[in-house]
């Protein structure tokens, strides 16, 4: 059975990485309340369903992308169940030939690993090398929920706190984008 803890409102006692520590320090500095659960290690959105149920909201999908030259980086945040095609996303953004960024770039710019990508980790991107792109469908959600820079804990905050307080603190201006869903 997949383990998900009860909801708590405290940072972990021990941090798994610097990015996780930076995330909770930012939330504390901004006095942003959050719901937090610990869970078994997850990498896929399907594995997040039990976390969704416990938090009472859907975890978002976070994709770290780059151009062919690996000079422009994008963190795309969308619905967990939304199908993703780089061609459709690239067209909507007006950028050609995007693909998934190498893991070493993910570690360098966001301080996370595969499966632990999160817009909360933008506090780690001090030079603002990563452009945040949020699917417009998420803007009407009451809560923004995703992992905390690890694969075994998730947090949820008000979307308004995320957009109006957390992102300005991280010095990242989001691009709100309509992206058509791939259908077959």
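Read the figures in this text as sums done on the coordinates, not as results from a lab. These numbers come from a predicted model, not from an experiment. All Cβ positions, glycine included, derive from the backbone under ideal geometry; neighbour counts span all protein chains shown.
Structure above, values below:
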read-out	value
Alpha carbon centroid spacing (whole Å) that separates the stretch 59-110 from the stretch 121-159	14
Ranked list, fewest to most other Cβ atoms within 10 Å of each Cβ, for 38, 25, 10	10, 25, 38
Length gained when the stretch residue 180-residue 18 is fully extended (0.36 nm per residue, less Cα-Cα span)	54.8 nm
Residues in the stretch 21-35 that a label on residue 107 would reach, taking backbone N under 20 Å of a point 7 Å out along Cα→Cβ	21-23
Hull-based mean projected area of the chain, where the convex hull spans the alpha carbons, in square nanometres	10.2
Estimated 222 nm signal from helices in the chain, with DSSP H stretches of n ≥ 4 weighted -39500 (n - 2.57), rounded to 500	-5500 deg cm²/dmol
Zone residues, the stretch 144-168, relative to residue 47, backbone N less than 16 Å from point 7 Å out along Cα-to-Cβ	146-155
Stokes-Einstein D in µm²/s, Kirkwood radius over Cα pairs - the stretch 106-161 at 37 °C with 0.692 mPa s viscosity	272
Separation of the residue 69 and residue 38 label points, Cα + 7 Å toward Cβ, nm	4.6
Cβ-based exposure ranking for 36, 79, 129, in which fewest neighbours within 10 Å come first	129, 79, 36
Within the chain, percent of DSSP bridges classed antiparallel, to nearest 5	70
